[in-house]
Amino acid sequence: MRLISLLTCFVAFLAPLASAVKLLESNALTVCMESSNFTATYFSVTFYPGNNSLMVGFDGVSYIEGKVVAEMTLTAYGYEAYKNTLNPCSIAGMGMCPMSAGPMDLGPLSLDLPEGTSDKIPGIAYTVPDLDANVRIVIKTLETNEKIACVEASLSNGKTVNQAGVSWTTAVISGLGLAASAITSGLGHSNTAAHVAANALSLFGFMQSQAMIGMTSVHMPPIVEAWTQNFQWSMGIIRVGFIQKIATWYQRATGGTPSTIMSQLEDTSVEVLKRRKRDLVDPAMNLLKRATGPIIKRATGMVKRAEGGQKLLVIRGIERVGFRAHIEQTNIFLTGLIFFAVFTCIVIIIVTAFKGITELLVKHGKMKSERFQDFRNGWKVVLRGILFRLTLIGLPQMSVLCLWEFTQRDSPAEVVLAAVMILSMLVSLGWASQKVIRLAKRSVTMHKNPAYILYSDPSCLNKWGFLYVQYRATAYYFVVPFLIYTLIKGMFIGLSQPAPVVQTVALVILELAMLVAVCILRPWMDKKTNVFNISIAAVNFLNSIFLLVFSDVFDPPGMMIGVMGVIFFVYNAVFALVLLILVLIASVYAVVSKNPDTRYQPMRDDRGSFIKSQTQLTTELDALGATARGDVKPGQYNNNPFDDDTASISSGNGATVGRQMESTYPPHGSAAQAPRSPVDPSVPLFPSNVSGHHNPPPGYDQFGRSPSPAGRSFDNNSPVGQSALATHYRAQNNASPWQRGAGYDH
């Protein structure tokens, strides 16, 4: 009982009341029988139980004559909650006794219903957000009781879980996590930055998965549609007035025909297709197919104009998402594309401005020269890595919208934009992935450890680290299955809008395969991160199972669908809240703590010893770092940014390491060559943090470290002389070789 009470309070907290006034309303009317004698171009009905009043307004055409009665049935969550027979002749002021054929223009009109009408409707209908209820009205002749018309309307109580506050909260916390990881990385706390960035990106991916569920064309309960709408911002579905004007102008200028649904709501009935029994939907669809007049057909919805001027739009899937966001259907793709491009430009401006600000602060003595030194020296490489990461983040969004645009063809230019965008993203990420795999394999061949080259070279780390830093060193390849999973998921959602069952079955298979893979491989960097991401994969798989039930494959009862919709909302809301709290705590701690790395255990793959040492290490250990890792030239960031195979470990030719190992002693008078350390580099100064009893991989020593690439031949000269030479070397090169790459962006 305590658990049920807690969940009830939680639902009430996440679903604030939109209005203190109890009401039931409907703004769309559909027919539910063939050869119906009543059609409506506009429909709006609101029932106020406080005073038993009914506000009615509609424009339509009636072919009904004589006295009639209306049988009204209210169904909530598949349960018949209320049934009554109304006689228009007994309702004063309705003007429908007797009825006459012809156009009807009624309302807004206030009608007083019989006393006790509101008492027959369950109180839950006024309190549960996103009510899954509809009312069916069957019109019969009074004399013969012949069924001559049938209409149906979905009901709402004005309360919803689709709240702007939820969208803003999730967006702000996700952005805070990414910003915190960037700041801590710049300050040299690479371990903390890696963990915060991994969790923030996983949270963002979970939000995109929630949004993708809302984009499927399955007939879902209203509460599921409303909940998933909270996360559509992660897919770029955000309404901004001037962007809609730009999208409409661009479409017209490139030969397209913009839709005008949002501007014609006063005379257009819009039916958001929800999950209901087939015997209720099919007659309406059959009637639409037999209607006369011009037809405007789209892949996931249809607009039809009958002779009497009827306009009915049935929407689902991506168009449903756009309609709920008040975006024209023909502007959905361009809206997502514009937001992705704008966000990318904003990030570029922020990084560039930060570079300029830090340089000015150092120049005027307001900031120490060693602060953000790695970023300032190689900011172009860091920026390039950030752009690659943004491409990875935007892949789910653009894979859905670009592929969907191929089925919509809003304009020839937009189709070209979609093709260019999706191809460029796939090519860039595919090329980066094969680059990482090549480097890791070369590192294994040369050093028996994939982490050596992937983490010791700052150029490689800053450019390609976005693909592998969240995984353990031996699971560098997992980015390839992740990209394939994302692309296939986007293909089924974007291209299979007319086939909801195909979408759901494909999603179940994909999510199951991903869940099994992550449970077996556990590819992320540590145990906590694995638990974090495996939990997300498990929830995604459970969501796909619920979606399969919603798709009507098993023909479940309506009550079961309604209950499952509420359960879907509850467990996803609880899980999202837990993820948000975890990311928020980690982000705040990373920013306010003086040494946030103490919160996390060192990586078992020993990447930390390849990235940097602590700042308090002596000069002798810095010289050891130059010997053990191979010296990276100070001018490495000045190379051609498009030439990756030049004088870098990431080039894969081993030039840097090879040159270091060719000679035991540096050339006389050479300042560019790092001095040799008097300390044996094979001594494990930075052993990996291996808890428990685990055997090291092949080629590793008892500390879990790979053999050092440096030789064991050393000069027996005095360590004092070596220290002096090392000090001179550090003064000229402005930083310890162990510090290079410490501020890479995660």
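Numbers at a glance
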{"item": "Exposure proxy ranking, count of Cβ atoms within 10 Å, fewest first, for 178, 54", "result": "54, 178"}
{"item": "Cα gyration tensor category, rounded, prolate or oblate, for the range 361-444 with a/c compared to 1.5", "result": "oblate"}
{"item": "Sequence of 476, 452, 79 once ranked by neighbouring C-beta atoms within 10 Å, starting from the fewest", "result": "79, 476, 452"}
{"item": "Residue order, fewest to most surrounding Cβ atoms within 10 angstrom, among 598, 248", "result": "598, 248"}
{"item": "Alpha-carbon centroid distance for the pair the range 498-524 / the range 419-462, whole angstrom", "result": "26"}
{"item": "Gained length - residue 594 relative to residue 491, 0.36 nm times residue gap less alpha-carbon distance", "result": "32.5 nm"}
{"item": "Phi to ³J(HN,Hα) by Karplus 6.51 cos²θ - 1.76 cosθ + 1.60 over the range 530-543, Hz, x for Gly, Pro", "result": "5, 4, 4, 7, 5, 4, 4, 4, 5, 5, 4, 5, 4, 4"}
{"item": "Relative packing of 464-475, 440-451, which averages over residues the other C-beta atoms within 10 Å, highest first", "result": "464-475, 440-451"}
{"item": "More than 25 Å apart - percent of Cα-Cα pairs taken over the range 19-155", "result": "23"}
{"item": "Shape call, the range 361-501: gyration tensor on alpha carbons, a/c limit 1.5", "result": "oblate"}
{"item": "Within-13-Å neighbourhood charge of residue 365 [Cβ basis; K, R +1; D, E -1]", "result": "+3"}
{"item": "Net +/- balance of residues flanking residue 588 in space, Cβ distance below 14 Å, scoring K and R +1, D and E -1", "result": "+2"}
{"item": "Peptide ranges 423-436, 571-584, 372-385, 324-337 listed from the most packed, as the mean C-beta count within 10 angstrom indicates", "result": "324-337, 372-385, 571-584, 423-436"}
{"item": "Cα gyration tensor category, rounded, prolate or oblate, for the range 449-525 with a/c compared to 1.5", "result": "oblate"}
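Read-outs: derived from the displayed coordinates by stated rules, not from any lab. Keep in mind it's a predicted model, so treat the numbers as computed, not measured. Methodologically, a virtual Cβ is constructed for each residue, glycine included, from the backbone with ideal geometry; neighbour enumeration extends over all protein chains shown.
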